[in-house]
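Please read the structure below before turning to the comments.
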2 protein chains.
Amino acid sequence: MSKASSNVVWHHATVTRERRERRTGHKTAILWFTGLSGAGKSTLAHAVEEALYARGCNTFVLDGDNVRHGLCGDLGFSEEDRQENIRRIGEAAKLFLEAGVIVLTAFISPFRRDRRAVRNLVMHGDFLEVYCKAPIEVCEERDVKGLYKKARAGLIKDFTGISSPYEDPVNPELIVNTGTDSLETCADQVIKMLEERGILSAPKVSN
Amino acid sequence: MSKASSNVVWHHATVTRERRERRTGHKTAILWFTGLSGAGKSTLAHAVEEALYARGCNTFVLDGDNVRHGLCGDLGFSEEDRQENIRRIGEAAKLFLEAGVIVLTAFISPFRRDRRAVRNLVMHGDFLEVYCKAPIEVCEERDVKGLYKKARAGLIKDFTGISSPYEDPVNPELIVNTGTDSLETCADQVIKMLEERGILSAPKVSN
């Protein structure tokens, strides 16, 4: 543009993450829910989002519903594609972080290497790994999507927990026992962690 | 989770785009800035973002700075890769739309087919194409990143406007003359369009 072009070489973002955080009154983070299929990752992520939203936070959940057929719609379930799937989700989550949004991701993400790669994408403290721990027997009994049945019948290959490994988080920021504890208990534990880490301040009334 | 699992099959998002829009007091949209390298897309997008932010809007800019080395870091500049680049940016923009954020994208996006594909990803009215129109002579004279010089020297192949076509938008929602008008004029035109389309209501004081 004529006026600006003489001395503006590159117009950097003026609306920074820090400005957004000051305005919303909360810090941002990636809440990375990991665990077996049926462990309750997505259910928990949405329950936590509802609680955060009620406190006036900017939030967003990335899960299979809005990612698998969109951003990662070209990917299958090979090891390479699963790795690329997690990489893209991590990069998308990083964008939300910059946008001042607490982003909650709900994907099995079975491999330590892939989760570590996302952790390394962002600053220390930005990536909070929440291990949704539930015995596979419980997940398989729930089998809300009928996937375990299909996997047992050999109709799905490389199914985590059946024919492909799930690598437990080594030092997750939080472990929630989604196999035994109630949704409310698990959600409260996540919120408490966010308060303790200074992501959230004391509860305030939503506008 | 034990209590929930008996009757909750799949926990859908309760924090919807509509709820977010009601709370922020503005609708969301994808503002898709397209035009030649040096036309001022990113500068304009950031200026518009600053104006929107000052009005209390939730905003985010996707541009080469935060996408090229991240979400699309595995992609080159072949026709296939450029197409995939725009596809992923469109999908990421769609996620921000759902998150209640007015998302501004600043990419050359030279091909009608690719821009149309993004338009078709979202609902009618969600995709607002802003053609940043500037003569190539002006863009080449600015050459803020020295890319035209390199392209003329044959160091960059498939460079839009030099060795690869730029396909003008057919029916963009807005044309701004970034080659002749000031940054302020162009930004005002974008804001005016958002008001006319009901994305923004009357100006309100930022909190």
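If you go through region B:142-175 one residue at a time, how many are facing chain A (nearest Cβ under 9 Å) and either at pLDDT 95 or above or in a helix (DSSP H, G or I) (or both)? Steps first, please.
First, the residues of region B:142-175 that are facing chain A (nearest Cβ under 9 Å): B:142, B:144-145.
Going one step further and asking which of them are either at pLDDT 95 or above or in a helix (DSSP H, G or I) (or both), we end up with B:142.
Within region B:142-175, residues that are facing chain A (nearest Cβ under 9 Å) and either at pLDDT 95 or above or in a helix (DSSP H, G or I) (or both) number 1.
Of everything in region A:154-181, what is over 17 Å from A:SER78 (Cβ atoms) and charged (D, E, K, R)? Give them in sequence order.
If the condition is that a residue be over 17 Å from A:SER78 (Cβ atoms) and charged (D, E, K, R), then A:GLU167, A:ASP168, A:GLU173, A:ASP181 are the ones that fit.
For A:GLU167, indicate whether it is surrounded by 18 or more Cβ atoms within 10 Å (Cβ to Cβ) and in contact (Cβ under 8 Å) with a residue 24 or more places away in the chain. Quick ask: steps written out before the conclusion?
On the way: surrounded by 18 or more Cβ atoms within 10 Å (Cβ to Cβ): no; in contact (Cβ under 8 Å) with a residue 24 or more places away in the chain: yes.
The answer is no for A:GLU167.
Give region B:78-95 a look and list any residue that's more than 8 Å from every other protein chain (Cβ to nearest Cβ), part of a helix (DSSP H, G or I) and of a type in the set (Gly, Ala, Ser), or say none.
Once the filter is applied, which keeps residues that are more than 8 Å from every other protein chain (Cβ to nearest Cβ), part of a helix (DSSP H, G or I) and of a type in the set (Gly, Ala, Ser), region B:78-95 yields B:GLY90, B:ALA93.
For region B:145-187, what are the residues that are out of contact with any Leu (no Cβ under 9 Å at 6 or more places or on another chain) and acidic (Asp, Glu)?
Listed by number, the residues that qualify are B:ASP158, B:GLU167, B:ASP168, B:ASP181, B:GLU184.
Which condition number in (1) surrounded by fewer than 24 Cβ atoms within 10 Å (Cβ to Cβ); (2) in contact (Cβ under 8 Å) with a residue 60 or more places away in the chain; (3) farther than 19 Å from A:VAL67 by Cα is the one that B:SER109 fails?
So the condition that B:SER109 fails would be (1).
Of all residues in region B:40-77 being more than 9 Å from chain A (Cβ to nearest Cβ) and in a loop (DSSP other than H, G, I, E, B), which is farthest from A:ASN120 (Cα to Cα)?
Among those residues, the one meeting the criterion is B:ARG55.
Which count do you get for residues in region A:104-125 that are more than 14 Å from every other protein chain (Cβ to nearest Cβ), assigned to a loop (DSSP other than H, G, I, E, B) and over 11 Å from the mean Cα position of the chain (by Cα)?
Summing the residues that are more than 14 Å from every other protein chain (Cβ to nearest Cβ), assigned to a loop (DSSP other than H, G, I, E, B) and over 11 Å from the mean Cα position of the chain (by Cα) in region A:104-125 gives 5.
The values are calculated or read from the model by the stated rules, or taken from the named source; none is laboratory data. Because the structure is predicted, anything quoted here is derived from the model rather than measured. Here Cβ is always computed from backbone atoms with ideal geometry, including for glycine, and neighbour counts include all displayed protein chains.
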